[in-house]
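Working notes, structure below.
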Amino acid sequence: MPVTLKDVADLAGVSRSAVSRTFTEGASVSDKTRRKVEKAAQSLGYQPNALASSLTTGRTKLIGLVADNFHNPLFLEIFDLFTIGLQDRGLRPLLVNLTDETDPAASVRLLRQYSVDGVIVASSTLMPGFARAFRDAGVPVVHSFGRMASNPLVHVVGIDNVECGRMAARTLIERGYRHIGFLGGPETATSTQDRANGFYEVARAHPEVKATHSFATAYTFDAGRVEMIKRLMTDPAEAYFCGDDVIAIGALSAAESADLTVPEDVGLLGLNDMEMASWENINLTTIHQPVPQIIASSIDLVASMLEDPGRYPESRLFPCKVIERGTLRRLPAA
């Protein structure tokens with residue numbers, strides 16, 4: 001039989017409520033009683049029931065972790081960092097897959113069934129309305145990898161995707177490419193739109209440069225490969241800025257299938273700097289997104305909102321940088 005709270009109380013010679021207070025964060029209990037209870041609990045191998053504790057405190061410590069792209073290997077890294085980070089803070093991640101969900105209200109109903117204390121929307125493709133729906137329902141929410149705003153309605157942590165688009169165009173032009181292409185992710189994704197806007201802003205400032213664009217249907221290897229095959233059949237660019245690393249890796253596969261050499265025949269630039277991008281057989285030149293810092297900052301915000309739900313929303317922006325590998329021409333010698 002499992003050890004119960006009553007067993008601990010009997011051995012410690014205290015009331016059951018004293019045992020309950022000992023294991024309830026912030027509850028009042030004397031040092032003498034706490035020592036007796038902890039000694040008895042250790043002797044019996046007792047562990048407090050987290051679900052029972054939530055009934056006492058009104059806090060489940062559950063944080064809904066909402067995502068919608070489980071086909072992208074980057075999210076394995078993201079989930080790993082989020083779950084470890086939340087658990088280190090004494091919080092419990094509840095992973096929710098919204099791949100086929102289009103109704104924010106349905107997502108709110110789903111998470112409220114579990115009495116979550118807060119929500120982290122970890123997506124660059126879900127519309128900002130998803131995060132706002134949780135805010136409107138009174139649930140503390142942080143949108144990780146979301147669209148930046150000077151006056152955000154919810155907490156947003158991520159990167160400046162417009163600047164990443166500018167960075168990508170400058171990187172290609174500096175390497176002597178004069179026909180450059182943007183091979184983005186889903187056209188409806190705010191991250192795709194912002195990266196395309198930044199890309200074209202720089203391209204338009206260079207009359208000698210021809211810029212084209214196309215969109216993959218998803219941030220996946222297969223979608224990147226399919227779209228690159230189409231581009232190679234119709235006036236291909238000299239180099240492409242791909243919507244993210246996994247699209248770029250799909251494009252790399254398509255180029256190799258067409259007997260093209262990268263970067264000699266076509267150049268490729270990704271975004272994210274996921275672990276796979278550094279593998280020797282891929283060796284992808286990419287724009288590094290500081291994922292660990294974004295996740296740590298998101299956890300800090302959601303944890304602080306549990307203590308101060310009325311905290312004013314803020315945008316936390318992290319800089320990116322180009323990681324030189326082997327899928328673009330090198331910069332000309334100075």
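Here are the numbers for the structure shown:
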read-out	value
Meets criteria (closer than 21 Å to Met127 by Cβ, in a loop (DSSP other than H, G, I, E, B) and outside the structural domain of Asn69 (by TED's automatic domain parsing)) for Pro207	no
Looking only at region 1-25, and only at residues there that are under 21 Å from Thr60 (Cβ atoms) and in contact (Cβ under 8 Å) with a residue 24 or more places away in the chain, the one that is surrounded by the most Cβ atoms within 10 Å (Cβ to Cβ)	Phe23
Scan of region 1-43 for residues that are modelled with pLDDT of 85 or more, polar (S, T, N, Q) and in a loop (DSSP other than H, G, I, E, B), ordered by number	Ser15, Ser30
Lone qualifier among Ala333, Ala303 - being free of Cβ contacts under 8 Å to residues at least 12 places away in the same chain, surrounded by fewer than 24 Cβ atoms within 10 Å (Cβ to Cβ), aliphatic (A, V, I, L, M) and outside the structural domain of Glu227 (by TED's automatic domain parsing)	Ala333
Filtered residues of region 182-203 (kept if closer than 19 Å to Pro236 by Cα and more than 22 Å from the chain's Cα centre (by Cα))	Phe182, Phe199, Tyr200, Ala203
Of all residues in region 306-330 being among the small types (Gly, Ala, Ser) and either in contact (Cβ under 8 Å) with a residue 12 or more places away in the chain or touching a Leu at 6+ places or on another chain (Cβ under 9 Å) (or both), the one that is farthest from Gly181 (Cα to Cα)	Ser315
So Ile180, is it in contact (Cβ under 8 Å) with a residue 60 or more places away in the chain and within 28 Å of Arg329 (Cβ to Cβ)	yes
Matching residues, region 19-47, being aromatic (Phe, Trp, Tyr) and either touching a Cys at 6+ places or on another chain (Cβ under 6 Å) or farther than 9 Å from Val8 by Cα (or both)	Phe23
All strands (runs of 3 or more DSSP E) inside region 78-192 with 1 or more residues being outside the structural domain of Ala237 (by TED's automatic domain parsing) and buried (at least 23 other Cβ atoms within 10 Å of the Cβ)	118-122, 141-144, 155-158
Close pairs from region 78-90: first under 16 Å from Asp117 (Cβ atoms), partner assigned to a helix (DSSP H, G or I), Cβ under 7 Å, at least 6 apart	Phe82/Ile295; Gly85/Ile295; Gly85/Ala296; Gly85/Ile299; Leu86/Ile299; Arg89/Ile299; Arg89/Ala303
Test: residue in region 253-264 that is modelled with pLDDT under 95, buried (at least 24 other Cβ atoms within 10 Å of the Cβ) and of a type outside the set (D, E, K, R)	no
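Let's see how each residue does on (1) crowded, with 19+ Cβ neighbours inside 10 Å; (2) at pLDDT 95 or above; (3) closer than 14 Å to Ile323 by Cα:
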position: Gly270; (1), (2), (3): yes, yes, yes
position: Asp273; (1), (2), (3): yes, yes, yes
position: Ser278; (1), (2), (3): no, yes, yes
position: Leu284; (1), (2), (3): yes, yes, yes
position: His288; (1), (2), (3): no, yes, yes
position: Val291; (1), (2), (3): yes, yes, no
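The values are calculated or read from the model by the stated rules, or taken from the named source; none is laboratory data. Because the structure is a prediction, the values reported are computed rather than measured. A quick note on method: Cβ atoms are made from the backbone with ideal geometry, for glycine too, and the neighbour counts reach across all protein chains shown.
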